[in-house]
Structure formats: C-alpha cells, structure tokens
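Below is one structure, written out as structure tokens; the observations come after it.
The values are calculated or read from the model by the stated rules, or taken from the named source; none is laboratory data. Note that the coordinates shown come from a computational prediction; the quantities given were computed from them, not determined experimentally. Ideal geometry is used to build each Cβ from the backbone, glycine not excepted, and the neighbour counts take in all protein chains shown. Quick note on the areas: whole protein, heavy atoms, side chains included, nothing else; ligands and nucleic acids left out. Shrake-Rupley method; radii C 1.70, N 1.55, O 1.52, S 1.80 Å.
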Amino acid sequence: MLNLRLINILRDEMVPALGCTEPIAIAYAASIVSKTLGHMPERLQAECSANIVKNVKSVIVPNSGGMKGIDAAAIVGAYAGNSDKRLEVLSDVTAEQVDVCKDLLDKSICEVTLLDSPTVLHIILTGHYQSDVVSVEIKDSHTNVVNIIKNGQVIFSQNTAAIGDEVDEEQDDKFSIEDIIHFSRYGDYSPLIDILDLEIRCNSSIAQEGLENDYGISVGQTILMTNDNNVRNRARALAASGSDARMSGCDMPVVINSGSGNQGLTVSLPVIEYAKELNASQEQLHRALILSNLVAIYEKSYIGKLSAYCGVVCAASGSAAGITMLKEGTDEQIQYAVINTLGTLSGMICDGAKPSCASKIATCIDTAISCHEMAMRNRVLNDGEGIIKSNLDSTVKMVGRLASQGMRKTDSEILSIMLDNSGV
C-alpha cells in the first residue's frame with residue numbers, strides 16, 4: 001500500500017506545466033470562467049492572495065507576446081486559454097489572439113485586488129458577460145478548483161486540498177525518509193516510467209533552450225562561459241538555464257515538483273547530468289530521480305506550496321540525495337546529504353518568481369553538491385546545531401515549522417517591500 005501511495009503522490013505532483021505556475025493558475029481559472037459563461041467576459045475581476053501576487057508580478061506570461069501581470073494572465077486565459085489542458089492552458093495561443101489580448105489589456109477590462117485570505121494559494125476569478133456572472137475559486141494547489149458559481153448558484157463545489165497542502169507536523173499517516181529511500185532503491189516503479197522519461201525529456205529540452213538563447217539574465221550561460229566545464233558546473237548551469245528560459249516566457253513545458261517548475265528543474269537536471277557523467281543505467285537514473293522528487297515533496301508537505309521559504313532549497317536537497325544515491329552512498333549518507341543542505345540553505349527567502357530565481361537555483365545546487373561531498377565522507381551537521389535535530393525526519397519537521405509559521409511575518413514584509421509605491 002505504501003508503494004502505491006508514493007506512486008500516486010509522484011503522479012499527482014510530477015505534471016507538465018507551461019510557464020510559471022502562479023500566472024498559469026490565474027489563466028486556468030479565467031479559462032473556466034469563459035467556458036462557463038459561454039463567452040469571453042466583458043469585464044474580469046481577479047482577487048489573489050499575497051503569495052500569488054508575489055509570484056506573478058515579475059514573470060512573463062507564456063505565449064503572451066511578453067506581457068506580465070495578473071491582469072495579463074487573466075485576459076489571455078479568458079480569451080485564448082484551453083481549460084482542458086490545465087497547467088498547459090496557454091499552449092495553443094496564437095499570434096492573432098495575443099494582439100487581441102494586448103488590446104483588451106490596454107482597455108483595462110480586468111480589475112486586480114489583493115485577497116485577504118489565510119490560504120497562501122488562493123484565487124477568485126470573476127467574469128461578467130451581459131447579465132451573467134461566473135466566479136471560479138482556486139485554493140491550496142494551482143488547479144484545485146473548489147467552487148464555481150454562476151449567477152449566485154453554486155454549480156460546482158469541493159474542498160479537498162491536494163497532497164501536501166494541509167501543513168500539519170503531527171500527521172500520523174505520513175511516510176518517513178526511510179520509506180522514501182527504500183522505495184527508491186527497491187520498489188517497483190514501472191507505473192512511473194512514463195512521467196520520469198517525460199521529466200528527463202522536457203526539463204532537459206528547456207535547459208538546452210536556455211543555454212542556446214538569451215533569456216533573463218542568462219545565469220546558465222554565464223556559469224559555463226566563466227567556469228570549467230566539469231559536471232558540477234554543468235549541473236548548476238543546466239538547471240539555471242532552464243529557469244532563465246521559463247521565467248522569461250519560454251513556451252516549452254517543464255515537469256514540475258510541488259507545484260513549481262523551478263523546483264522541478266532543480267530536482268531533476270543535476271541528477272540527470274551526474275547520471276551521464278557516471279554512465280549510470282536508465283534504472284539507476286530513474287531511481288535517483290524518484291528519490292530526488294520524493295525528498296522535495298516530503299519536505300514541502302510540511303511547508304505548503306507557497307511561503308517565504310525558497311522552495312528551491314527543498315529541491316536542491318532532493319538533488320543532493322539523488323546524486324548521493326548515484327554515487328553509491330549508503331542510506332545514512334543520503335540522509336546526511338539532505339541534513340547538510342537544509343542546515344546550510346534554510347535562510348534563503350522567496351521574494352517572488354522572477355529571472356533571478358535562476359541565480360538562486362545555481363547557488364542552491366552548488367551548495368547541495370558540497371553537502372553531498374561532505375556526506376560521502378560521513379560528515380554531517382549535528383543535533384542541536386541551529387535547526388538541526390537528531391535525524392532527518394525531525395529536521396524536516398523543524399524546517400516546516402520555520403517556513404510555515406516562523407516566516408509568516410517575513411512573507412508579509414517581503415510583499416510590502418515588493419509592492420512599495422507600485423500597487424498590486
């Protein structure tokens with residue numbers, strides 16, 4: 001039963017997404033509004049929680065001709081989105097549709113307001129067409145529609161959050177890090193082969209795109225141009241270049257982790273690059289990717305999808321675990337690599353999705369590789385040193401407490417700084 005549960009978690013979490021997932025969630029909600037109305041809305045209202053605002057403000061909406069912002073995401077989703085494609089809702093937008101959307105944006109048909117909500121991932125998208133009004137509400141995860149209301153009548157309602165979104169460090173039914181490692185080493189993972197291969201293919205492709213063309217601040221290109229072409233630097237560069245492209249509007253999909261494309265790139269590309277360097281078999285690569293993805297998901301289950309804690313830290317610790325497995329590390333050394341990474345990087349803040357996320361990815365991966373190297377020498381941060389506890393499971397719980405509770409005020413201050421004198 002546990003193996004089946006872990007398989008289902010991975011299949012739920014490892015899905016393809018086009019562009020940054022927060023503007024895509026807005027576009028997805030807007031596309032459902034239009035579908036339910038049966039028309040493109042004449043007016044739109046987008047109410048978004050603070051963390052949604054934070055992660056939409058500075059990234060380009062994919063297939064939008066370079067547009068940014070909540071209003072742009074809502075308009076493109078409402079006019080040209082395909083709700084059936086969920087996180088790839090904007091994959092079929094045409095150049096002609098982009099021109100219309102730019103005109104609608106200029107006409108200010110979408111009003112944006114900050115949603116005062118205790119739920120960090122919360123969107124209410126409302127569309128008006130003649131006398132009809134449709135409202136779509138998304139909570140907890142990017143495609144988790146909890147309500148659709150038309151003309152005051154509830155036509156759909158459900159309140160089941162996605163896996164890992166209800167943060168509770170006292171949950172009794174959680175699996176442990178030992179369960180994750182055991183499944184990664186020995187479990188029958190045949191139901192996951194298709195999504196693992198898709199992760200390898202999609203994430204490698206967008207990384208190559210980022211290396212070959214100029215996106216954002218070109219972090220990946222810069223790493224390879226100014227450093228030796230060794231596996232460590234290639235691992236950093238590939239993950240960073242994927243983020244370079246993704247944050248700047250590239251229309252190529254990424255297989256995500258914990259609701260994030262940047263985290264999906266970080267858990268996968270360093271492991272893929274080390275597998276190439278080591279001439280690992282396809283099964284060894286698959287199992288290392290399972291471990292990397294599950295470690296990150298496990299950590300995020302105590303944090304939630306969005307917070308002031310940079311999720312790439314969790315993803316990088318997953319990569320440290322995956323690389324350690326590829327290097328034939330023991331179960332204990334895998335745990336040491338993760339503990340070292342969490343103990344070193346847990347001060348990194350999330351100040352929204354933006355081109356500089358690529359720099360954070362490169363930094364986290366570089367540190368994670370150092371933490372892996374220490375672990376292979378049986379060096380590990382000790383119980384009582386900062387937030388580190390006696391074992392990895394306990395340490396993960398403390399990281400979750402730090403991120404979900406301790407950094408609430410930090411999250412508020414980050415948003416205040418980001419919106420200072422600029423409005424929503």
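For segment 198-218, enumerate the residues that are among the polar types (S, T, N, Q) and surrounded by fewer than 24 Cβ atoms within 10 Å (Cβ to Cβ). Before the answer, list the steps.
Step one: of segment 198-218, the residues among the polar types (S, T, N, Q) are 203-205, 208, 213, 218.
The answer is Ser204, Ser205, Gln208, Asn213, Ser218.
Only one of the numbered conditions (1) open to solvent by 10 Å² or more (accessible area, probe 1.4 Å); (2) farther than 25 Å from Ile52 by Cβ is not met by Ala320, and that is (1).
In the set (1) open to solvent by less than 10 Å² (accessible area, probe 1.4 Å); (2) under 21 Å from Asp194 (Cβ atoms); (3) touching a residue at least 40 places away in the same chain (Cβ under 8 Å), Thr266 fails one condition alone, (2).
Inspection of segment 193-205 identifies no residue that is at pLDDT 95 or above, out of contact with any Pro (no Cβ under 8 Å at 6 or more places or on another chain) and outside any helix (DSSP H, G or I). Within segment 347-360, one or more residues are surrounded by fewer than 24 Cβ atoms within 10 Å (Cβ to Cβ), small (Gly, Ala, Ser) and within 24 Å of Gly400 (Cβ to Cβ).
Can you find a residue in segment 5-26 that is within 21 Å of the chain's Cα centre (by Cα), in a loop (DSSP other than H, G, I, E, B), touching a residue at least 12 places away in the same chain (Cβ under 8 Å) and at positive phi? Scanning segment 5-26, I find at least one residue that is within 21 Å of the chain's Cα centre (by Cα), in a loop (DSSP other than H, G, I, E, B), touching a residue at least 12 places away in the same chain (Cβ under 8 Å) and at positive phi, so the answer is yes. Looking at (1) crowded, with 24+ Cβ neighbours inside 10 Å; (2) modelled with pLDDT under 95, find the lone condition where Ser241 falls short. Looking at each condition in turn, Ser241 falls short on (2).
A residue that is open to solvent by 40 Å² or more (accessible area, probe 1.4 Å) and not charged (D, E, K, R) cannot be found anywhere in segment 21-33. Of the helices (runs of 4 or more DSSP H) lying entirely inside segment 46-133, those carrying at least 1 residues that are of a type in the set (A, V, I, L, M) and open to solvent by less than 10 Å² (accessible area, probe 1.4 Å) are 50-56, 70-80.
Annotation: of all residues in segment 390-413 being out of contact with any helix residue (DSSP H, G or I) (no Cβ under 8 Å at 6 or more places or on another chain) and charged (D, E, K, R), the one that is most open to solvent (accessible area, probe 1.4 Å) is Arg408. Checking each residue in segment 334-373 for being touching a Leu at 6+ places or on another chain (Cβ under 9 Å) and farther than 24 Å from Lys305 by Cβ picks out Ile334, Gln335, Tyr336, Asn340, Cys371. Among the numbered conditions (1) open to solvent by 20 Å² or more (accessible area, probe 1.4 Å); (2) out of contact with any Asp or Glu (no Cβ under 7 Å at 6 or more places or on another chain); (3) of a type outside the set (Ser, Thr, Tyr), the only one that Leu291 does not meet is (1). Among the residues making up segment 203-227, those that are within 18 Å of Lys354 (Cα to Cα) and among the hydrophobic types (A, V, I, L, M, F, W, C) are Ile206, Ala207, Leu211, Ile217, Val219.
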